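Here's the structure we're looking at; comments come further down.
The values are calculated or read from the model by the stated rules, or taken from the named source; none is laboratory data. Remember, it's a predicted structure, so these values are computed and weren't measured experimentally. FYI the Cβ positions are ideal-geometry reconstructions off the backbone, even for glycines, and counts take in every protein chain you see.
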Amino acid sequence: MDSTSPGNQTLLYVDDDEDTLVLMKEVFSSENYSVITKLSGKEGLKYIEENEPVSVVVSDFVMRGMNGLEFLKLVKARSPKTKLCLCSGSFDRGTLEDKVKDQEIDGFLMKPVLIEKILSTINGLMESQES
């Protein structure tokens with residue numbers, strides 16, 4: 001599933017829930033970002049390998065095949081300047097913060113998460129990407 005909208009920054013959102021991807025495409029397209037959505041870490045990694053670097057990658061943690069931490073680690077190795085964000089409802093905040101530090105991930109979102117929080121986090125990562 002791919003979708004894009006005009007914008008000079010690209011967001012890759014990876015989640016194995018298609019409804020989440022549809023919602024996130026709508027939310028971030030309204031922020032004038034180009035939005036690419038993929039249903040698995042494998043699909044996301046293929047996109048990273050075959051296209052120009054993206055500004056920010058957001059990945060769900062629990063996915064079939066490879067989990068979000070594994071996926072983001074591979075993205076980091078292939079695209080070191082891309083900002084990375086993990087989204088999870090599987091950990092408590094402290095455990096997730098530790099995992100983020102260990103993996104050198106730039107941000108995290110705890111599910112359930114409000115749209116305003118998602119926007120704030122991703123907009124902040126996009127701004128730091130420009131620096």
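Looking for whichever is under 14 Å from the mean Cα position of the chain (by Cα), among the polar types (S, T, N, Q) and modelled with pLDDT of 95 or more here; the options are 20, 37. Which one fits? Going through 20, 37 in turn, the sole match is 37. One residue stands out in region 43-71 among those that are more than 16 Å from residue 86 (Cα to Cα) and out of contact with any strand residue (DSSP E or B) (no Cβ under 9 Å at 6 or more places or on another chain): the one that is modelled with the lowest pLDDT, namely 65.
Select, from 49, 31, 18, the only residue that is within 17 Å of residue 62 (Cβ to Cβ), in contact (Cβ under 8 Å) with a residue 12 or more places away in the chain and acidic (Asp, Glu). Outline the logic, then answer.
Working: 49 fails: within 17 Å of residue 62 (Cβ to Cβ); 31 fails: within 17 Å of residue 62 (Cβ to Cβ).
None of the other options fit; the residue is 18.
Of all positions in region 71-81, none carries a residue that is under 21 Å from residue 25 (Cα atoms) and among the polar types (S, T, N, Q). Filter region 72-110 down to the residues that are under 29 Å from residue 8 (Cβ atoms), loosely packed, with under 13 Cβ neighbours inside 10 Å and touching a strand residue (DSSP E or B) at 6+ places or on another chain (Cβ under 9 Å) and list them by number. Matches in region 72-110: 104 only.
Okay, residues lined up against (1) touching a helix residue (DSSP H, G or I) at 6+ places or on another chain (Cβ under 6 Å); (2) modelled with pLDDT of 90 or more:
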position	(1), (2)
76	no, yes
81	no, yes
86	yes, yes
94	no, no
100	no, no
114	no, yes
122	no, yes
